[in-house]
Amino acid sequence: MITKSENAPGTASEMPDYNFAYLDEQTKRMIRRAILKGLAVPGYQVPFASREMPMPYGWGTGGVQVSASVLTPEDVLKVIDQGADDTTNAVSIRKFFERTAGVETTEQTDQAGVIQTRHRIPEEQLREDQILVYQVPIPEPLRFLEPRETETRKMHALEEYGLMHVKLYEDISHNGAISTSYAYPVKVEGRYVMDPSPIPKFDNPKLEMAAIQLFGAGREQRIYALPPYTQVVSLDFEDYPFEATKADHACDLCACETSYLDEVIVDDAGGRMYVCSDTDFCRSRRAAGHVGTLGTPFEGDAA
Amino acid sequence: MSAMIDIQSVSKQFVLHNQGAAVIPVMEGADLRVAPGECVALVGASGAGKSTLMRMIYGNYLVNAGSIVVGDVDVAQAEPREILALRREVLGYVSQFLRVVPRVPTIDVVAEPLRNVGIDADAARGRARDLLGRLNIPERLWALSPTTFSGGEQQRVNIARGFAHEFPAMLLDEPTASLDAKNREVVLGLIEDAKARGAAIIGIFHDEAARARVCDREVDVTGFTPGLAA
Amino acid sequence: MTPLLKVNELSKFYGNRIGCENVSFDLYPGEVMGIVGESGSGKSTLLNCLAGHLEPDTGEVLFQTRADGMRDTVTMSEPERRMLGRTDWAFVHQHARDGLRMGVSAGGNVGERLMAVGARNYGDIRSKAIDWLDRVEIAEDRVDDRPSAFSGGMQQRLQIARNLVTGPRLVFMDEPTGGLDVSVQARLLDLLRGLVREMGLSAIIVTHDLAVVRLLADRLMVMKSGQVVESGLTDQVLDDPQHGYTQLLVSSVLQV
């Protein structure tokens, strides 16, 4: 369902003080230049002059700045947080754009032109006319092994990525397997090693997609990008290959066996249920008639 | 037959910079030729320069004038790596004392010169065992470092090492010192074997009997002392 | 035989002060060169200029690369120099902390250089790491421990393993036994001696300890106030020192 913003241009409560999507046009130009650079060099972290936003660092300022720079008045925006449209952060950011950009918003993945996400990729396959904007906390995949920014920049410039495999080696030697389960590093077009943001490694294969993917880190002041159909390979060893794993369970609401699941504790006796993390995906499956072991037949959303 | 060791007009002096730049001339106009298969003894009073001359031949002391040709290398002029190669393959030196490297077992100490010329570990150790056996070093000591051996045992290990590789030229500084009659006999036998295979040997022997047995002639280094021109 | 390293007229100044001046020498494959001098002699400056850690003011450092013949490493591009530093060259620091990743396991430390040049099989990397740890006398069951859990001598041996795993041809060492107990030093020196001979390494070792050079070095350079005052075969320089400073140095060593 598409919601028309109550602050759309032309309505009585329109706020004339905000430029479209909050940022001034010069800032948007600067960010767009960074985005173009990022698209031209897939996986390369482009520094940009991150602005003070009306939410603190750590709350998605990078993603918001990128979305603000690519939104047009005709766009339809979807915002998700860990796959859900109805969590506090997703609701907040959606409302922010409804007020400052007056754009239409939606919860349906296939209706959106711009999707801003925190820590998940939607289950539904995205199209060439869509843009996926990721919120990124720490853009530098090597940061935890090499704290010096001067060194990590050199390593990217000179393609010195031995250290990345050291991290995976350490995982295997301590845990018997590569235990990194989110923010799993990838190699882009055979050149740059990139942190795909804290998406579960289950989502890594989806990084090769038809949509444009933009990554914004507001506190760290970096933007990077993946153009459509870019080659993205998750790092691994020959004898410990990458596996996109998820909980060995089906969704209790819609019975889907292939989607990424949230584990929800339902009582104080250890009872739990597994639900699709992507709420819109789960809803659309239930609307199509699929019912899981704990689900009820779909009744449509209350208005 | 051309000389294996050819020393001509060698002079040496020490300059002690920290003692008022005192100049101490120790050798002048030394001449000596040793043919393959010959053993020449250096004689002269203590301090006359026997060890000094030997060290100059080995490249351990620098030469102020003259030439020292061993094989086809003039030690007095050669580059460090040429001297290193010479010491590895051509010129052996058995000093009076064994300089011990801690932790290396005796058998490997003796095998080392062979390893240095590319002989594999097993073959090198085999030869080391032969020599150690001949020199009456008990087998139970072969796996130990010579650090704790007696003076005589250390000297015999030293000699074993010196004779491991068949050097065409050899310098022996008191090889029979601190040895009993039995082992002295072994060492003299080793020297005779070396001569027989064509090695040119220069030796310092305080023991007159030993000297008489293996040396073909004597050279008195007193004749090379500066200020005592004949 | 061509030299592995040719150094011509190398100088480094700190403003008006001389770090090192007009140093020239050749190093051949399999040779170990010791550089001795007291504090302030310029030996560490020289080593760092040779190893590419400092940029010299004048001079060339020509290295016989595997693919391109003699190349001047001073004017080489940084990527090439860094690549050299990971493959053909090695640097053993005085403090193991400067040469190791303290937050990475011993196996990871040794394996890093392998992974940096493309090794992608975990099993292989691990077994090579264990093999090397064994060669530097670190027990296999320590392979997953961090260097912060190792003694000083063990850290130093780990540093050596980490450096030698890619079979470099030239090793730079800065006071490799500095700060270690005497018995630990002896063990380390013996290990180094063995590895240098076994692997046919060339090495340049900076130290103030004459016993270390006597044991490890074929050739010796003595430095004072930024100048090389004497050079030659190690045993010759120590037994028949020509320069006044060398004579002082040699006579100052206490006999045990």
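Ignoring ligands, DNA and RNA, please state the percent of accessible area on the stretch B:1-87 from carbon and sulfur, probe 1.4 Å. It is 47 percent, rounded to a whole number.
Heavy-atom accessible area for A:R99, with the other protein chains in place and a 1.4 Å probe, reaches approximately 130 Å².
Across the stretch B:1-118, C-alpha contacts under 8 Å between residues 6 or more apart give a mean separation that, scaled by the residue count, equals a relative contact order of 24 percent. Taken one residue at a time, the phi angles of the stretch A:257-271 give Karplus couplings (6.51, -1.76, 1.60, θ = phi - 60°) of 9, 10, 9, 6, 10, 9, 9, 10, 7, 9, 8, 9, 10, x, x Hz. Gly and Pro are set to x. Rank C:G244, C:G200, C:G107 by mean-square fluctuation in a GNM of chain C with C-alpha springs under 10 angstrom and give only the top-ranked residue. In the Gaussian network model the winner is C:G244.
Note on the stretch B:95-230: with charges restricted to the Cβ of Lys and Arg (+1) and Asp and Glu (-1), its dipole about the Cα centre is near 320 debye.
Both radii come from the Cα set of chain B: Rg as radius of gyration, Rh as Kirkwood radius; their ratio Rg/Rh reads 0.98.
A simple rule links phi to the HN-Hα coupling: the Karplus curve 6.51 cos²θ - 1.76 cosθ + 1.60 with θ = phi - 60°, which for the stretch A:185-202 gives x, 10, 10, 9, 6, x, 10, 9, 8, 10, 9, x, 6, x, 7, x, 4, 4 Hz, with x for Gly and Pro. Taking the charge dipole of chain C about its Cα centre, with +1 at Lys and Arg Cβ atoms and -1 at Asp and Glu Cβ atoms, the residue from C:M199, C:S11, C:S39 reaching farthest to the positive side is C:M199.
Evaluated over chain C, the count of Lys pairs having alpha-carbon atoms less than 23 Å apart is 5 (only pairs 8 or more residues apart or interchain). With helices as the sole contributors, chain A gives -7000 deg cm²/dmol at 222 nm; each DSSP H run of n ≥ 4 counts as -39500 (n - 2.57), and the sum is divided by every residue. Positive-end ranking of A:S259, A:M209, A:L226 along the dipole of the stretch A:208-262, with charges on Cβ about the Cα centre, is headed by A:L226. Between A:L77, A:Q111, A:F96, the Cα set farthest toward the positive side of the dipole of the stretch A:70-119 (charges on each charged residue's Cβ, about the Cα centre) is that of A:F96. The fraction of Cα-Cα pairs per 5 angstrom bin, counted from 0 for the stretch A:39-156, comes to 2, 10, 20, 22, 18, 13, 8, 5, 2 percent, rounded to whole percents. A 1.4 Å probe, protein heavy atoms only, puts the accessible area of A:H174 near 100 Å². Which shape class, rounded, prolate or oblate, goes with chain C when its Cα gyration tensor gives a ≥ b ≥ c as root eigenvalues, a/c under 1.5 marks rounded, and past that a/b bigger than b/c marks prolate? It is oblate, given that a/c is not under 1.5 and a/b is not larger than b/c.
For chain B, relative contact order (Cα pairs under 8 Å, six or more residues apart, normalised by length) works out to 29 percent.
Using R0 = 35 Å, the C-beta based FRET efficiency linking C:N22 and C:S251 works out to 0.80.
Taking every protein chain into account, the accessible area of the stretch B:84-230 amounts to 45 square angstrom per residue (probe 1.4 Å).
Please identify the longest segment of chain A free of exposed chymotrypsin sites (Phe, Trp or Tyr not before Pro), where exposed means a DSSP state other than H, G, I, E or B and no more than 16 other Cβ atoms within 10 Å. Excluding the exposed sites themselves, the longest stretch runs over A:58-143. In this structure, the amide hydrogen of A:Y44, modeled 1.01 Å from its nitrogen in the peptide plane, lies closer than 5 angstrom to those of A:A225, counting only residues at least 5 positions away or on a different chain.
Computed about the Cα centre, the dipole magnitude for the protein assembly as shown is approximately 1560 debye when only Lys and Arg (+1) and Asp and Glu (-1) carry charge, each at its Cβ.
Across A:D110, A:D262, A:D239, mean-square fluctuation computed from a Gaussian network of chain A (C-alpha pairs under 10 Å connected) peaks at A:D239. For the stretch C:130-256, a simple Cβ point-charge model (Lys and Arg +1, Asp and Glu -1, everything else neutral) yields a dipole of about 260 debye relative to the Cα centre. Applying D = kT/(6 pi eta Rh) to the protein assembly as shown, where Rh is the Kirkwood radius over alpha-carbon pairs, T corresponds to 4 °C and eta to 1.567 mPa s, the Stokes-Einstein value obtained is 40 µm²/s.
Mean silhouette area of the stretch A:117-256, derived from the convex hull of its C-alpha atoms and averaged over all directions, reads 9.6 nm². Under 18 Å of direct C-alpha separation, and excluding same-chain neighbours fewer than eight residues apart, A:K246 reaches these lysines: A:K201, A:K206. The orientation-averaged projection of the convex hull spanning the C-alpha atoms of the stretch A:109-184 amounts to 7.0 square nanometres. With the cut-off at 1.5 for a/c, could you classify the stretch B:80-126 from its C-alpha gyration tensor as rounded, prolate or oblate? Here the stretch B:80-126 falls in the oblate category. Per residue of C:122-130, other chain Cβ atoms within 10 Å of the residue Cβ number 4 on average. Given their separation in residues at 0.36 nm each and the Cα-Cα distance between them, B:E166 and B:D180 gain 2.6 nm when the chain is fully extended.
Sequence-ordered 3J(HN,Hα) estimates for the stretch B:100-109 from the Karplus curve with 6.51, -1.76 and 1.60 and θ = phi - 60° stand at 8, 8, x, 6, 8, x, 3, 4, 7, 4 Hz, glycine and proline given as x.
When the square roots of the Cα gyration tensor eigenvalues are ordered a ≥ b ≥ c, the ratio a/c for chain A is 1.5 or more and a/b does not exceed b/c, which makes its shape oblate. For the stretch B:26-75, heavy-atom accessible area (probe 1.4 Å) falls by no less than 50 Å² from the chain alone to the full protein assembly at B:N60, B:L62.
Between A:E159 and C:D144, the FRET efficiency from the beta-carbon distance, with R0 = 30 Å, is close to 0.60.
Using a Gaussian network model of chain B in which every pair of alpha carbons under 10 angstrom is joined by a spring, one finds that among B:A164, B:A78, B:A209 the greatest mean-square fluctuation is at B:A209.
The values are calculated or read from the model by the stated rules, or taken from the named source; none is laboratory data. Everything numeric here is computed off the predicted structure, so don't read it as measured data. A quick note on method: Cβ atoms are made from the backbone with ideal geometry, for glycine too, and the neighbour counts reach across all protein chains shown. These area figures cover heavy atoms from the full protein model, side chains too; ligands, DNA and RNA do not enter into them. Shrake-Rupley method; radii C 1.70, N 1.55, O 1.52, S 1.80 Å.
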